[in-house]
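Chemist: Quick one: the structure is below, questions incoming.
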Amino acid sequence: MPRPAFLITIDVEGDNLWAKPRVVTTRNAGFLPRFQSLCEGFGLRPTYLVDYDMARAPALQEFGHDVLRRGVAEIGMHLHAWTTPPLVPLTADDLRYQPYLMEYPRRVIEDKVAAMTAVLEDEFGAQVTSHRAGRWGLNETYAQVLFAQGYRVDCSVTPGVSWRHHRGSPEGTGGADYRLFPSEAYFLNLQDISRSGTAALLEVPMTIVPTRSQIARVLHGPVQHAPLAPSSLARRALGRIFPTVRWLRPNGRNQRQLVQIVEDAVSSGSGHLEFMLHSSELMSGGSPRFQRVADIENLYVDLDALFTAVRGRCAAQTLSEYRATMIAGTHQRAPAIATPHGRA
């Protein structure tokens, strides 16, 4: 049985964006070398998905140049619409509402993707081909823009998870609903991103598995049968205690669950395992979950346990390396994949 790919994705963004700061700081860039050193010790190859503020931070620039020069990681793009130029106001206060890029007119989406791509490629001198949407918000228009700009792999889909009750613009309909999306990687249908197609843009969904809790299944069942409304504060609070899904993402108290996800994926023959973390979660006080120095030290204990479980059982790859593997396999059994501007 082929080994699943183990994909480390880090959203490289400003300090504690959950607090919606009026001025974004980037101190967490200085904490990435420790994480990278741990990954290298296990032979792992992270993909760092960098946003606009971090791309302009000298510490991140130095770090990015180093990992690219040594060929030990990939730099991709992460786009927060409310801080990425051109700044075109969508709401009365974009810093407060943090609107999804997919809520903007197509022309603005195109301009922001082009501007962010140019910033990264000019700074790092390398083509940027991997991407994750800010706030996990992807739709068909956004995917079409990425495809036209030459992006080859996206990792915005969170299968089994709906973001509809997470508003961006107050006038919008909320985030994406990925509950019926595939969990395995697939080349996108640009007219319906929930289905596979022939575009050269590979979707690599986040590794998220259903919970085994019967209580969670009752609380979060179909709306017509659930005891609490989906948007109610009570249901959201209980959702934190009895989640419907488990992510391959550390939260400070889920080490055994992380290892179990790896065990299950290896035994079931999954094609990939996608891990994620925010760069600011590697710094004490940089996120709600990891406030103290002790929290960071415990996080590294959990990371060591997870990476130990992966060692020898998974193939370490960046997102673009995994896409190359998928392309090779697809070409053996399917028609040629369409590309923009003749790109592979």
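Chemist: So what is the relative contact order of the chain, in percent, for Cα pairs below 8 Å that sit 6 or more residues apart?
Modeler: 23 percent
Chemist: Could you order the peptides 188-194, 98-104 from most to least packed, using the average number of other C-beta atoms within 10 Å per residue?
Modeler: Top of the packing list down: 98-104, 188-194.
Chemist: Search the structure for amide H atoms under 5 Å from the amide H of residue 187, placed 1.01 Å from N in the peptide plane, and list their residues when 5 or more places away or on another chain.
Modeler: For residue 187, whose amide H was placed from the backbone, the distant partners under 5 Å are 197, 203.
Chemist: How much length, in nm to one decimal, is gained on full extension between residue 311 and residue 298, taken as 0.36 nm per residue of separation minus their Cα-Cα distance?
Modeler: Difference between extended and current length: 2.7 nm.
Chemist: Hey, another quick one. What does the charge count around residue 73 come to, taking other residues whose C-beta lies under 10 Å from its C-beta (Lys +1, Arg +1, Asp -1, Glu -1)?
Modeler: After counting each charged neighbour, the total is -1.
Chemist: Taking amide H positions as placed 1.01 Å from N in the peptide plane, with prolines and chain starts having none, which residues 5 or more places from residue 273, or on another chain, fall under 5 Å of its amide H?
Modeler: 5, 6, 7
Chemist: Taking amide hydrogens as modeled 1.01 Å from N in the peptide plane, which residues meet the under 5 Å criterion relative to residue 77, leaving out close sequence neighbours?
Modeler: 50, 130, 131, 132
Bear in mind that the values in this text are calculations on the coordinates, not laboratory data. Because the structure is a prediction, the values reported are computed rather than measured. Note that each Cβ is placed from the backbone with ideal geometry, even for glycine, and that neighbours are counted across all protein chains shown.
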